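Novice: Got a structure for you, questions after.
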Amino acid sequence: MNDYQLIKNNLEFSRGVDELAQPWVFRWYIIAFCFAPAFLILFLGRIADDANFLVLSGQYALAYGTYLALFQLRDKPLLNPIQAVVLLFHWWFAVGPSLAVFFAVKRSDPDMLSRYVASGGEALWVVALGIQVYAFSANRTMHWCRGRINHASFLMPDGLLYRQKTLLAYWLVGGVLALVIAVLARFGIVGNQTISYLGGTVSENWFVSALEAIGAIAIFATVGVMGYLAGPVLPHTLKFKMIAVGLIIFNTITAFTSGWKGAIVQGFALIFIVMFVWRQKVPYILVAVLALSYLFIIEPFVNNMRYVAEIAKISTTEERAELFKIGLDSGIVMDEMRDHEVNIESPFRGIFLLANGIAEESSLFNGPWDNTISEGMLSLVPRAIYPDKPDMNMGNFFGRYLGAVDPDDYMTNMGVSIPFEFVGNYGYMAGILSFGLIGIVWTLFCVWLLSADRLATHPLAPLCIIFALGLEASVGQFLAKFRDLPLVFGAAFIVWIALKKRL
């Protein structure tokens, strides 16, 4: 059974089969997602005195480029991790700027308006052309994989979702390791030690660090149980629906005290992905609640508390977590939140503006840097092998170089996206071609992990989509996310054997 058949069967069972009557690439919200930002910027950009034709034409090029890229990937049901890359770059470079322009006009903010219509055309054209290269290379790679790449059978469920025994086994392994790590920490034996209140880490003990990496297998269960809450219609799942709800509540509270905005919305993003895949409908109420909660509660709370943490000279994540707990208990930032102006740029990470800064200093075959990719690759080398390895934070280097953070701030991390790190090292052409490299590597990984037939409905597919957000980082930082995966997969293989190869 493949994605299309599984989704079709579920829609028939839930009386929603008409959702597949029309190819998803012709649905109104896909067309609106692609083209509405360009129309909005063209209509409102006329108000600016310094609107640049290259920006306006670049937005239209990106609109058509995104739609044509999605058209190339239309053979697979929406939504899978390969399609998600196209949607993410359109989110960062088209949807974000269009909403910023709308808010700038509404607030009569000429400086904000100018940031998004006066420059950045080169960056838009790089993305518009690059995502075509990405879609083509991803498509060709998927065709090439058939009969050549065997998927990871030790991660493939027997049915639609992971069996309940499988989820419990993943949680058991992760829980036992978490307990062992906590006991070792009581004796001063720690793996990854935090080096700043923003969460930077350095490995202190390779063995404990390995245990922490293996313990991440519990995430497989957390993601897998979301399918019982919002996925296919299955009988006798009330218990696991309640577990999923409890996990969302627990993780949201924990994330609030940690101060990480991404961690707070991640659970709801997973629910959105699972719900959309199996129903092929946009859950508008969930989207509205998440957007309003993020803009009016999460973002102002976290930003205000981070400001308090800097004033209080908080130096570790533990101290920051304690401060955030105090803030939640006492409501010390509620007054500030009431007066907070909506930061519409926050959900888009400022990637367009940073990419624009790089593009302005680059040419077809040259960029302002010549070593960030090669130096960033050192992050893949374990400190146990290279004890003198410097603390790598290319995202912070980008932020300081482009003036997005204070020159004396060596902690704040910024993302420019992998293609624009290539632009910064080798110029526009390299940035465009890097999309093709991403298409090949990312598709190979997804097909191996999920299988070509279940790119959308595999229980771990939502986790891969979340993982794709890492493309906003540098090459070294993104590849470092893969460094510990062999340990996690090794633990998953042992679980598969213990469960007699039935997941």
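Novice: Could you calculate the FRET efficiency of Thr412 with Glu12 from 1/(1 + (r/R0)^6), where r is the beta carbon distance between them and R0 is 56 Å, rounded to 0.05?
Specialist: Details: r = 50 Å, r/R0 = 0.90.
Once rounded, the FRET efficiency stands at 0.65.
Novice: Just grab the label-to-label distance for Ile497 and Ala269, each label 7 Å out from Cα along the Cβ direction, in nm (one decimal).
Specialist: Output for this residue pair reads 3.5 nm.
Novice: Round to the nearest 0.05 the FRET efficiency obtained for Trp144 and Val342 when R0 = 35 Å and r is the Cβ-Cβ distance.
Specialist: Details: r = 46 Å, r/R0 = 1.31.
Efficiency, from the Cβ-Cβ distance: 0.15.
Novice: When you count, for each residue, the other Cβ atoms within 10 Å and take the mean per peptide, how do 228-234, 284-290, 432-438 rank with the highest first?
Specialist: Numbers: 228-234: 20.0, 284-290: 12.1, 432-438: 21.9.
Result, highest mean first: 432-438, 228-234, 284-290.
Novice: Mind checking the full-extension length gain between Met242 and Arg483? Use 0.36 nm per residue of separation minus the Cα-Cα distance, one decimal, nm. Show your work: numbers first, answer last.
Specialist: Details: separation 241, 0.36 × 241 = 86.76 nm, distance 3.36 nm.
Taking Met242 through Arg483 to full extension adds about 83.4 nm, to one decimal.
Novice: Out of [x] 23, 48, 24, 5, 0; [y] 21, 58, 21, 0; [z] 21, 51, 25, 3, which label holds the value of P(r) over Cα pairs in 20 Å bins from 0, in percent that was computed here?
Specialist: Derived directly from the coordinates: [y].
Novice: Do you know the relative contact order of the stretch 410-503, to the nearest whole percent, from alpha carbon pairs under 8 angstrom that are 6+ apart?
Specialist: Contact order relative to length: 31 percent.
Novice: Count neighbours as other Cβ atoms within 10 Å of each site's Cβ, and list the trypsin sites (Lys or Arg not before Pro) in the stretch 1-58 that are DSSP loop with at most 13 such neighbours. Before the final figure, lay out the partial values.
Specialist: On the way: sites: Lys8, Arg15, Arg27, Arg46; in loops: Arg15, Arg27, Arg46.
Loop-located and lightly packed - Arg15, Arg46.
Novice: Here is a further query. Rounded to the nearest 0.05, what FRET efficiency do Phe296 and Phe207 give with R0 = 45 Å and r taken as the Cβ-Cβ distance? Could you check?
Specialist: On the way: r = 45 Å, r/R0 = 0.99.
It comes out at approximately 0.50.
Novice: Give the residue list of trypsin sites (Lys or Arg not before Pro) in the stretch 427-485 that are DSSP loop and have at most 15 other beta-carbon atoms within 10 angstrom. List each step's numbers first, then the result.
Specialist: On the way: sites: Arg454, Lys481, Arg483; in loops: Lys481, Arg483.
Here the sparse-neighbourhood loop sites are Lys481, Arg483.
Where a number appears in this text, it was derived from the coordinates with a stated rule and is not lab data. The shown structure was predicted, so the numbers you read here are calculated from the model rather than taken from an experiment. We place every Cβ from the backbone using ideal geometry, glycine too, and count neighbours over all the protein chains shown.
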